[in-house]
Amino acid sequence: MKKTINIKNGSVIIAIALLSGCSDSFLDRPPLDTIVDANFYQTDDQVMSATALLYNNVWFDYNDKATFTLADFRGGSGMAQWAWADNIKFATTPQSAENLQAWRAFFNVIGQANTAIVNINRYSGPDVSDAIKQNAIGEAHFMRSLAYRYLVMNYGPVPIITDNQTLLSDPLSVWTNTVQSVWKFITNEMREAVEKLSEMPYAPGRVTKWSAEGMLARFYLSRAGVESEGGRRNQQFLDSAKYYADRVIKLSGKTLLPTYRELFLYPYDNNNESLFELQWVYMPTNYYGYANSTISQIATSPTITGNGDGWGGDFSATFWMLSLYEGFEIYGTTGDTLRGRTLDQRLHETFMLPGFSYPEITRTIDGVDQNPFVYPNNAMGSVLDGYVDNGTSPANIKKYLIGQPKDIGGGSGFQNYPNNTYMLRLAEMYLTYADAALGNQESTDDPIALQYINTIRTRARLPVYDVSRQGPLTFDKIFKERICEFAMEAMSWYDLINLHYWNPQKAFDIINSQYRGLFVVHPDKFPDPTEWTIFKTEWSTIKYPTANEGNFLLPIPASEATAAPNLAEPPVDYYAQ
């Protein structure tokens, strides 16, 4: 799909052709007749080309806006004051555009994975090696499992569909399945992927056995909460999460990148920390759906993209998010002020404060280049691209921004960016192990869990966690590390859902305490500040969300519920049918 994935024999064209009939609704069958005859699936390369599409276009509608508007804005790591306010306020409706786009994207992944499994089994020729055939089918199980993970976490009971032809011919046959049975299906699917995928990737960017085992660690941590009793997570699944996380850390050959900055410094695609990425490609024409469009949404201005896009001027970290970074503390007695300095390298690479400098980004105003780009001091009344902030100043999003075409050798354009989207990083395995080792205890001094937490902290240039001084590890401390590590990577919402599975009140308490309103950032001096003071301001249309059982999950999109009315009926156990 792009040069770093090294798919051979023109598979970009094959994938585009195969996807030309992708469904608009989850009830629409993906095309089966584009590449199905015995003249196509005759070589290993042809079979693997058929699954290349599962890394790109099928995920596009999720990646475009739903990643940050649902996962980060709903989770509280990011916010906006005007756009997508329904997600920020927990007022997402069945008509919300990003809600429908996410739902359809996930079912598009599922439909194409179903198609791949059927076609590869049916049409593979005698010259296709069994190892390649199994690997390709393993990729399809991997993607189907992951798509169902997103569906069940966002919507609760959802229909499990494995046969596009027979099940979808009758919309009245579509029923939702219970959350527990969907999670059982998800883990079974990923275990199937583990069995079929090779330990080494077919080509850079392709998933492996270790990608699947990493997902199993993630899934079993969730399932421990799903099958909790009385607020106690299921110990068997906690043990499984710990087991798989530890295996991936020790046996996969993956390593953390030396610095957090390198994770998002282009070209970072398919680096040795990555376990799975969506593969995007810059294309001069016909790029929409195959290039990464998210950058055009989150970048603050056309002056730093150089492509005429960049509409994220009011997108920002939340006050709550900034309060989690070490070095910042609540100042005063009202809780309305933060003061501190940047000890945590992750802050600099995720959000921008006045005076932060980025040599990888050029800013161009009236034809004059500024390099490195220094994030301006808006709170003091300076002008950001012709706009005076007048009492508010966001901490705009930095993560995933790669600069202008001149900064990356020319390979980007309007809504047309080449950098990949992380879907699973090795860092998550370290934090998953620690969470699973904590389990149902109030705290833990497990030495391996502490070692893994400190591996993450020292990479962020933070001091080693000292149990003798700071006390044993608790859930709150591990949760905080997760939020800081993965802010603006579409993770915070799913971390809150995991918590909600076994302690819903704690999840509600965290969300409802998150100040999501406007604030002012004052550096102690400019340029080259060393300390910042952040004040909440009354200039806010949104301040605090109100999350409860009635609005916690996303509603099934209206058009889909109309097409399949049994989605509103009580769910059934998938394995009892």
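Taken together, the residues in segment 73-88 that are touching a residue at least 40 places away in the same chain (Cβ under 8 Å), open to solvent by less than 10 Å² (accessible area, probe 1.4 Å) and in a helix (DSSP H, G or I) amount to 3. Do we find a residue being at pLDDT below 60 and either crowded, with 24+ Cβ neighbours inside 10 Å or within 23 Å of the chain's Cα centre (by Cα) (or both) anywhere in segment 29-38? For segment 29-38, residues at pLDDT below 60 and either crowded, with 24+ Cβ neighbours inside 10 Å or within 23 Å of the chain's Cα centre (by Cα) (or both): absent.
Taken over segment 476-521, the criterion of being assigned to a strand (DSSP E or B) and surrounded by 21 or more Cβ atoms within 10 Å (Cβ to Cβ) is satisfied by 519, 521.
For residue 567, the stated conditions do not hold, so it cannot be described as open to solvent by 10 Å² or more (accessible area, probe 1.4 Å), touching a Pro at 6+ places or on another chain (Cβ under 9 Å), within 18 Å of residue 323 (Cβ to Cβ) and aliphatic (A, V, I, L, M).
Table: residues versus (1) in a helix (DSSP H, G or I); (2) surrounded by fewer than 22 Cβ atoms within 10 Å (Cβ to Cβ).
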| position | (1), (2) |
| --- | --- |
| 67 | yes, no |
| 71 | yes, no |
| 90 | no, yes |
| 93 | no, yes |
| 106 | yes, no |
| 115 | yes, no |
| 118 | yes, yes |
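Return the only residue of 312, 306 being open to solvent by 10 Å² or more (accessible area, probe 1.4 Å), among the small types (Gly, Ala, Ser) and farther than 16 Å from residue 56 by Cβ.
Values: 312 fails: open to solvent by 10 Å² or more (accessible area, probe 1.4 Å).
Among 312, 306, only 306 is open to solvent by 10 Å² or more (accessible area, probe 1.4 Å), among the small types (Gly, Ala, Ser) and farther than 16 Å from residue 56 by Cβ.
Among residues of segment 342-358 that are more than 15 Å from residue 324 (Cβ to Cβ) and open to solvent by 40 Å² or more (accessible area, probe 1.4 Å), those with a beta-carbon under 7 Å from a residue that is in a loop (DSSP other than H, G, I, E, B) and not hydroxyl-bearing (Ser, Thr, Tyr) at least six positions away or on a different chain give the pairs 357/372.
Has segment 412-433 got any residue that is out of contact with any Leu (no Cβ under 9 Å at 6 or more places or on another chain) and without any contact (Cβ under 8 Å) to a residue 24 or more places away in the chain? Among the residues of segment 412-433, not one is out of contact with any Leu (no Cβ under 9 Å at 6 or more places or on another chain) and without any contact (Cβ under 8 Å) to a residue 24 or more places away in the chain, which makes the answer no.
Listed by first and then second residue, the pairs with beta-carbon distance under 6 Å, at least 6 apart or on different chains, first residue in segment 132-147 and closer than 16 Å to residue 44 by Cα, second among the charged types (D, E, K, R) and at pLDDT 95 or above, are 132/44; 134/196; 137/196; 138/196.
The set of residues in segment 234-273 that are open to solvent by less than 10 Å² (accessible area, probe 1.4 Å) and under 30 Å from residue 179 (Cα atoms) comprises 238, 241, 245, 248.
Please go through segment 153-203 and give me each residue that is part of a helix (DSSP H, G or I), hydrophobic (A, V, I, L, M, F, W, C) and crowded, with 17+ Cβ neighbours inside 10 Å, ordered by number. Write out each step before concluding.
Step one: list which residues in segment 153-203 are part of a helix (DSSP H, G or I), which gives 153-155, 164-167, 171-173, 179-196.
Restricting the remaining residues to those that are hydrophobic (A, V, I, L, M, F, W, C) gives 153, 167, 172, 179, 182-183, 185-186, 190, 193-194.
Listed by number, the residues that qualify are 153, 167, 179, 182, 183, 185, 186, 190, 193, 194.
Only one of these is under 21 Å from residue 93 (Cβ atoms) and touching a Pro at 6+ places or on another chain (Cβ under 7 Å): 555, 523. Name it. Working first, answer last.
Details: 523 fails: under 21 Å from residue 93 (Cβ atoms).
Every option except 555 fails the conditions.
Out of everything in segment 233-278 that is part of a helix (DSSP H, G or I) and among the basic types (Lys, Arg), what residue ends up being farthest from residue 439 (Cα to Cα)? Ranking the candidates gives 261 first.
Look at segment 440-465: where a residue is within 23 Å of residue 502 (Cβ to Cβ) and a partner is among the aliphatic types (A, V, I, L, M) and open to solvent by 20 Å² or more (accessible area, probe 1.4 Å), sitting 6+ places away or on another chain with Cβ atoms under 6 Å, you get 445/467.
Residue 227 fulfils the conditions (1) surrounded by 23 or more Cβ atoms within 10 Å (Cβ to Cβ); (2) closer than 18 Å to residue 498 by Cβ except for a single criterion, (1). Number of residues in segment 360-388 that are surrounded by fewer than 20 Cβ atoms within 10 Å (Cβ to Cβ), modelled with pLDDT under 60 and not in a strand (DSSP E or B): the value is 5.
Only one of 68, 90 is touching a strand residue (DSSP E or B) at 6+ places or on another chain (Cβ under 9 Å) and within 29 Å of residue 317 (Cβ to Cβ); which? Please lay out each step first, then the result.
Numbers: 90 fails: touching a strand residue (DSSP E or B) at 6+ places or on another chain (Cβ under 9 Å).
One residue alone meets the criteria, 68.
Restricting to segment 311-341, count the residues that are under 25 Å from the mean Cα position of the chain (by Cα), in contact (Cβ under 8 Å) with a residue 60 or more places away in the chain and not in a loop (DSSP other than H, G, I, E, B).
Restricting attention to segment 311-341, the residues satisfying the condition of being under 25 Å from the mean Cα position of the chain (by Cα) are 311-326.
Subsequent filtering for residues that are in contact (Cβ under 8 Å) with a residue 60 or more places away in the chain retains 312-322, 324-326.
Next, from what is left, pick out any that are not in a loop (DSSP other than H, G, I, E, B): 316-317, 319-322, 324.
Looking only at that region, the number is 7.
Just one of the numbered conditions (1) open to solvent by less than 30 Å² (accessible area, probe 1.4 Å); (2) modelled with pLDDT of 95 or more is not true of residue 465: (2).
When residue 290 is tested against the conditions (1) in a strand (DSSP E or B); (2) under 16 Å from residue 420 (Cβ atoms), the lone failure is (1). Here is a check on your reading of the model: is residue 337 surrounded by fewer than 16 Cβ atoms within 10 Å (Cβ to Cβ) and farther than 30 Å from residue 405 by Cα? No; evaluated as a whole, the condition is false for this residue.
Among what's in segment 397-428 and is small (Gly, Ala, Ser) and in contact with a Ser or Thr (Cβ under 8 Å, 6 or more places away or on another chain), pick the residue that is surrounded by the most Cβ atoms within 10 Å (Cβ to Cβ). Before you say what the answer is, go through the steps one by one.
So the first thing to find is which residues in segment 397-428 are small (Gly, Ala, Ser), and the list is 403, 409-413, 427.
Restricting the remaining residues to those that are in contact with a Ser or Thr (Cβ under 8 Å, 6 or more places away or on another chain) gives 403, 412.
On the way: 403: 22, 412: 27.
Ranking the candidates gives 412 first.
The values are calculated or read from the model by the stated rules, or taken from the named source; none is laboratory data. Note that this is a predicted model, so its numbers are computed, not measured. With ideal geometry, Cβ positions are generated from the backbone for all residues, glycine too; neighbour counts draw on all protein chains shown. Only protein heavy atoms, including side chains, enter the accessible area calculation; ligands, DNA and RNA are left aside. Shrake-Rupley method; radii C 1.70, N 1.55, O 1.52, S 1.80 Å.
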